[in-house]
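The values are calculated or read from the model by the stated rules, or taken from the named source; none is laboratory data. Computed from a predicted model, the values in this text were never measured in an experiment. As a convention, Cβ positions derive from the backbone with ideal geometry for all residues, glycine included, and neighbour counts pool all protein chains shown.
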Amino acid sequence: MIHHLLRLLFASIIALQLVGCQSPIYEHHIKLPNYTWDRSNKLVYKISLDKAVENAQVWLNIRHATELPYPELLLNVRLSTPQGEKGTRQMRIPTKNAEGKNIGKGMGDLWDIEAPIEENANLQAGNYEIELSHQMADEQVFMLVDIGVEVRAKE
């Protein structure tokens, strides 16, 4: 009886984790040469959607080394839609807490941070483009490994 209950509990936990998981519709990461992002290096993500996606989540994924010296990253995000609309906005992405310790998910000397670009977006079918550039005081930002964009369908 206990063996059966343990199996049922284990199966329930796995089912709950799978329900909470969202597989990305789009995911692309751009590796930065020598862990350095130069201001002139604009990162471009071309997203092609075959069908409309309601309540989509668009995420920015940043992987950095422990030694990243900045408590936050200041980025420009430019979005172009299939309808020809264009918009630009700034994002401040915290990388450290008030005590100066890295935030996000860490493994070894690498840290992953997820930040929402758009939540609950209704995306039409067609081609989108997201262009990222940094607006930091330094021309080059060191200790950034890669930066990705991910689009997920909310379930």
Among (1) within 21 Å of residue 154 (Cβ to Cβ); (2) touching a strand residue (DSSP E or B) at 6+ places or on another chain (Cβ under 7 Å), which single condition is residue 51 missing? (2)
Restrict the check to the range 134-141 and report whether at least one residue is over 18 Å from residue 28 (Cα atoms), buried (at least 18 other Cβ atoms within 10 Å of the Cβ) and β-branched (Val, Ile, Thr). yes
Within the set of pairs 6+ apart or on separate chains, which have a first residue in the range 29-45 that is farther than 23 Å from residue 128 by Cβ, a second that is acidic (Asp, Glu), and C-beta atoms under 7 Å apart? 38/139; 39/139
What do you reckon, is residue 152 basic (Lys, Arg), part of a strand (DSSP E or B) and either touching a Pro at 6+ places or on another chain (Cβ under 7 Å) or surrounded by 12 or more Cβ atoms within 10 Å (Cβ to Cβ) (or both)? yes
Could you give me the residue pairs with C-beta distances under 8 Å whose first residue belongs to the range 115-140 and is over 12 Å from residue 151 (Cβ atoms), whose second residue is β-branched (Val, Ile, Thr) and not in a strand (DSSP E or B) wherever it lies, and which are 6+ apart or on separate chains? 124/81; 126/81
The correct count of residues that are in contact (Cβ under 8 Å) with a residue 40 or more places away in the chain, of a type outside the set (D, E, K, R) and not in a strand (DSSP E or B) in the range 55-92 is 7
Take the range 93-105 and flag every residue that is surrounded by 14 or more Cβ atoms within 10 Å (Cβ to Cβ) and in a strand (DSSP E or B). 93, 94, 96, 102
Residues being loosely packed, with under 13 Cβ neighbours inside 10 Å and of a type outside the set (Ser, Thr, Tyr): count how many of those fall in the range 47-66. 4
Filter the range 103-155 down to the residues that are within 16 Å of residue 62 (Cβ to Cβ) and of a type in the set (Phe, Trp, Tyr), then identify the one that is farthest from the chain's Cα centre (by Cα). 142
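Here is a yes/no grid of residues against (1) in contact with a Gly (Cβ under 7 Å, 6 or more places away or on another chain); (2) modelled with pLDDT under 50; (3) surrounded by 10 or more Cβ atoms within 10 Å (Cβ to Cβ):
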| site | (1), (2), (3) |
| --- | --- |
| 3 | no, yes, no |
| 12 | no, yes, yes |
| 23 | no, no, no |
| 35 | no, no, yes |
| 40 | no, no, no |
